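First up is the structure itself, then whatever we jot down about it.
The values are calculated or read from the model by the stated rules, or taken from the named source; none is laboratory data. Small disclaimer: the values here were computed from a predicted structure and weren't measured. Here the Cβ positions follow ideal geometry from the backbone for every residue, glycine too, while neighbour counts run over all protein chains shown.
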């Protein structure tokens, strides 16, 4: 079916149902003074509220159309007034339903929602509808003065009675109960017996019984008992349907001028039926909500209890299985395991490996853990750690077995709580062999460290021998070739200077020829010591070869280096050298170059200084010469 067709069909069906309810309401006796303006039971109000709570604002068209047709054709209002009054009669239940639908579609299972239904749904809807109608019922229809307000009050009571009588039952018919609400505590046979017995009693009470006898009137409280019983034992929907049936039978008896509700030919019977409707409806709403809440609470407690019992059973089974697995694992463990009380140390359990390790039955003769410690104070220390930390991992202790054999053991312990007691589960591993190997390894390591220290000492000596000249103790040419490139790179990066001084002992060959090589070696050794003492700690003095020396002076200017060279020549000239039994004097020829003035690489600087040295020797020795490109300036 197309959506618009379904919507139109729903609108027409709602309008027809409201018109039918209006026709039924018109069949009831009404006030002689107010007539159709104050019907004792206005069923369209109850049906409209039920439809609005079921379909919400989608039912607005059907409610307005049904109310308008009922006002015009059933109540014989003029069409303009009928249409305007229908706006209030349809808008009031829609507004009330919009508030109730936020809470729950069927608000009869919680007392708070029942009160919300009574205040907003029933009382609020009736009040809005009556107030709205009072503006559009003219004086020709509605009496003036005090009677006008009495008429509006009677009209409101009729709408209120209609909502109390019809809305709950209609809602249960229009909307299926949720699954958790539709469970029937009683059996179907008990439900049917209660339902049909109550209806049969209502037929007898309100249709068959003679109103002139007081016996029938005294049976009215039985309906309250029946309704409460059905609400307590059966579904709440059955209770509301039974209530609607009893109300319809009561008003039907009034129409037939018979039954307990019909007291006289006037309106007193209808008033009595209305009072029965009011009290019975309110009692059912409150009691039904209380029963539903109690039933839900019982169901929740029963499910919680079942869940708890299931968990307890499952937990008990798991504990039993866990205990069995733990004992099986402990018995099958390749490591010794034991369990004891933390307080007192009494042994409770030990596997076969532990008994084999200690050479006795550990669960016999009230043995204690501290009986197997070589030093009982160690056990007290472990006990203190267990109390503060709850566990001890890989703690080395010294134990003894029942035969007195002492051994080292690696112990790991953990505290467990059971029955307000503290127990300790311990794993024990015999590490005597490992300790023996550790001692051997430590001795081997000590010997190895000593050997390594000797080797390192020899290596240091070898490095020094490789870098030092054995005769003078100065750095040799190998070290010069190694250090000069790095020194130049560093000083060039800092925009600094490096002076290179080439020094040669004059006529050294004569000393060897006249006094021998041993005397020449003594002269070189003395000269080397003198040169080492004459320069700064940052200067590098090297024996370049034979009687020739090379001195590196970083961070010195050219004039300062030249002055230093002149001072050196003068000092050596006055230096007496004791060589064997001879007292000798020597002079020096010095060539000087400076980086970066004479070059920025080692080859250029050495070559420049060496060339200056040969120039000094050629010009008569015992003098200082600078590299050629600045010679003319400083000479």
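A few comments on the model shown:
- When the range 88-111 is limited to residues that are part of a helix (DSSP H, G or I) and surrounded by fewer than 18 Cβ atoms within 10 Å (Cβ to Cβ), the one that is modelled with the highest pLDDT turns out to be 95.
- Residue count for the range 365-391, restricted to those that are more than 21 Å from residue 417 (Cβ to Cβ), in contact with a strand residue (DSSP E or B) (Cβ under 7 Å, 6 or more places away or on another chain) and at pLDDT below 80: 2
- Test: residue in the range 584-602 that is modelled with pLDDT of 90 or more and part of a helix (DSSP H, G or I): yes
- Restricting the range 162-211 to residues that are surrounded by 13 or more Cβ atoms within 10 Å (Cβ to Cβ) and not in a helix (DSSP H, G or I) leaves a set whose member that is modelled with the lowest pLDDT is 211.
- Residues satisfying the stated conditions in the range 489-510, i.e. under 18 Å from residue 469 (Cβ atoms) and either in a helix (DSSP H, G or I) or without any contact (Cβ under 8 Å) to a residue 60 or more places away in the chain (or both): 508
- The sole residue among 628, 632 that is in contact with a helix residue (DSSP H, G or I) (Cβ under 7 Å, 6 or more places away or on another chain) and at pLDDT below 90 is 628.
- Among residues of the range 67-81 that are farther than 13 Å from residue 39 by Cβ and in the same structural domain as residue 12 (by TED's automatic domain parsing), those with a Cβ under 9 angstrom from a residue that is modelled with pLDDT of 80 or more and part of a loop (DSSP other than H, G, I, E, B), sequence gap 6+ or separate chain, pair up as 72/78.
- Scanning the range 275-286 for any residue that is in a strand (DSSP E or B) and either at pLDDT below 75 or surrounded by 15 or more Cβ atoms within 10 Å (Cβ to Cβ) (or both) turns up nothing.
- Tally of residues being touching a residue at least 12 places away in the same chain (Cβ under 8 Å) and touching a strand residue (DSSP E or B) at 6+ places or on another chain (Cβ under 9 Å) across the range 572-597: 17
- Within the set 352, 402, 304, 377, the sole residue that is surrounded by fewer than 15 Cβ atoms within 10 Å (Cβ to Cβ) and within 37 Å of the chain's Cα centre (by Cα) turns out to be 304.
- Per the listing 551, 556, the residue uniquely part of a loop (DSSP other than H, G, I, E, B), surrounded by 14 or more Cβ atoms within 10 Å (Cβ to Cβ), touching a helix residue (DSSP H, G or I) at 6+ places or on another chain (Cβ under 8 Å) and assigned by TED's automatic domain parsing to the domain that holds residue 491 is 556.
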